[in-house]
Amino acid sequence: MFFWMTCIAASVALLAIGAGGGGQDWRFAYAHMAVAALVSVAFALIAIRETRALAGRNASRHEIAAVSAQFMGLVWSWCALALLTTYATGILSWKEWWLFFIAAAIVAGLCLFFAATLKKDATSGSDDETLLTLGRYLSMLQLGGMIVVVIGLLVDGKMTRFLNPRPGWEDWAANNIFFFGAIALAAISAAALKGQSRKPGP
């Protein structure tokens, strides 16, 4: 976990630098987008790799679901910290940032709590299907929701808003975080659902 927190902190710092310069130079805005994309892809690829590795080792479904939930929690934590660093410090201005920060922080906490509970069940050898069923439904809900977010941001033209930011409404940095974070969460959710369906045992 220390490794991941260090990576998240480093990427958030780079996002802050990109956000700070984006208002004056479009190249910084593109750098911000690139960092958000790279971090999200890394989260998704590593989560998928670990999920497949666990399934290949015949790990329990609780253990597979726990790893997926943990990565979901890390992505939500990254989103929350990136928003906090960008807008609470005044690097950019966006009046509604705190609503999305609170939502991301709450979901991150729930995902990490869910992961810890699943790990406890995996350690004890529990065959309780309740948490697994709940996890499947939540993964489906998250997958659908993240697809809607990605499509919505593209259709509304928000991914190019940095080219003409409105004073006091500099949400282009948040849109980068939302867009690529949603892609990562959708990929992790899909991998979690596939991993669960491929593992019929306890």
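Considering only 74, 138, 118, the mean-square fluctuation computed in a Gaussian network model of the chain, springs between alpha carbons under 10 angstrom, is largest for 138. Answer rounded, prolate or oblate for region 24-116, using the Cα gyration tensor with square roots of eigenvalues a ≥ b ≥ c: rounded when a/c is under 1.5, else prolate when a/b is larger than b/c, else oblate. In terms of gyration-tensor shape, oblate.
Residues 75, 67, 149 in ascending order of nearby Cβ atoms (within 10 Å, fewest first): 149, 67, 75.
Principal-axis analysis of the Cα atoms of the chain puts helix 2-22 at an angle of about 20° to the longest axis. Couplings 3J(HN,Hα) for region 47-61, derived from phi with the Karplus relation 6.51 cos²θ - 1.76 cosθ + 1.60 (θ = phi - 60°), are 4, 5, 4, 5, 5, 5, 5, 5, 5, x, 8, 6, 5, 5, 5 Hz, where x marks Gly and Pro.
In whole angstrom, note down how far apart the Cα centers of region 1-32 and region 147-168 are. First find each Cα centre; the distance between them is then 19 Å. Here the peptides 174-184, 89-99, 36-46 are ranked by packing, the mean other Cβ count within 10 Å, and the order with the highest first is 174-184, 36-46, 89-99.
In the chain, the longest principal axis of the Cα atoms and the axis of helix 130-155 are about 20 degrees apart. Here the sum of -39500 (n - 2.57) over DSSP H runs of 4 or more residues, divided by the residues of the chain, equals -27500 deg cm²/dmol at 222 nm, to the nearest 500. Treating only the Cβ of Lys, Arg, Asp and Glu as charged (+1, +1, -1, -1), what charge dipole size does the chain show about its Cα centre? Round to the nearest 20 debye. For this selection, approximately 380 debye. Student exercise: in the chain, how many lysine pairs 8 or more apart or on different chains have Cα atoms under 23 Å apart? Qualifying lysine pairs in the chain: 5.
Computed on region 2-197, with alpha-carbon pairs under 8 angstrom and 6+ residues apart, the relative contact order is 31 percent. Dipole of the chain computed with +1 at Lys/Arg Cβ and -1 at Asp/Glu Cβ about the Cα centre; of 16, 110, 143, farthest Cα towards the positive end is 143.
No lab work stands behind these numbers, since they all come straight from the coordinates. Small disclaimer: the values here were computed from a predicted structure and weren't measured. Heads up, the Cβs are rebuilt from the backbone with ideal geometry, glycines too, and the neighbour counts pull from every protein chain shown.
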